[in-house]
Amino acid sequence: MYFRSTRAPSGLCMPVMILGSPIERVVSIKFLGVTITETLSWDLHISNLAKSLQRSIGSLRHLTTRLPTCLRKSVYCAFIQSKILYAISVWGSAGREFKLLPIFRAQKKAVRVVFGLSTVRSPETVGRAYAHTKSTFNANGLLSVHNLYALTSIMEIYNARISSSHTDLFQFSEYSNQVIIPKGTLIYLGINLYFIAPALWNLGIKVQDIKDKIGCKGFHSRVKCWIQEIQSKGDPENWSNDNYTEKMLDMSKGK
């Protein structure tokens, strides 16, 4: 597989030969559970993950009717959230272009099934109506896929800060705990962990309680609480753009 820009035409690369035999060229490959395409768009991985989540939801329908209330969150985390978290720091950056919506829809569907939310209908409802999920997410301490990516990104920086690893990937300021954000000349360069994680980290440590927890036990819990507060903003039932941590990056830039 050759990696190329989305703007570059396909099929211009020289064929690879081994002992005179051509090697088949593919446009995608699954490596360690992550589907990688030649343009690194992550669309195919997200599509495959959404299908996997739908299959899990089908299985959960038969389990949740006999499931004690105290175990519902654990079952959701085991069947749904664990799949979403796998390698999310790699492919989760696609959320800035709303490509994560299939995952988010599957998340909400899983919450309705696992927690037994009933369908809500009103005189204004046309067609099929669905139960609201935002309050259930927040009541059980669950994060949307967008915010799971934000939490994972910040923890990647934290681990690098504490263990002094990834020094070739993240560069910390000499005078503060902030990370120097690389400057990209193309817009799409900002849609990956290398650019987004430092921006999220710098935004998070502006919260004094989070800054004080750097290097201390409970940092992960405090960051999650901060993200949960963002997710809980506004209408208690309806989701909005203000509930996603990455949107705060645009707000901080005055966008």
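Summary of computed values
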{"item": "Violating pairs (Cα-Cα greater than 21 angstrom) within the set LYS51/LYS224; LYS134/LYS217; LYS51/LYS99", "result": "LYS51/LYS224; LYS134/LYS217"}
{"item": "Relative packing of 28-41, 149-162, which averages over residues the other C-beta atoms within 10 Å, highest first", "result": "149-162, 28-41"}
{"item": "Sequence of SER135, SER221 when ordered by accessible area, the most exposed leading, probe 1.4 angstrom", "result": "SER221, SER135"}
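The values are calculated or read from the model by the stated rules, or taken from the named source; none is laboratory data. All values reported here derive from a predicted model rather than from experimental measurement. Counting neighbours? That spans all protein chains shown, and the Cβs are built from the backbone with ideal geometry, glycine included. To get the accessible areas, we keep the full protein, side chains included, count just its heavy atoms, and leave off ligands, DNA and RNA. Shrake-Rupley method; radii C 1.70, N 1.55, O 1.52, S 1.80 Å.
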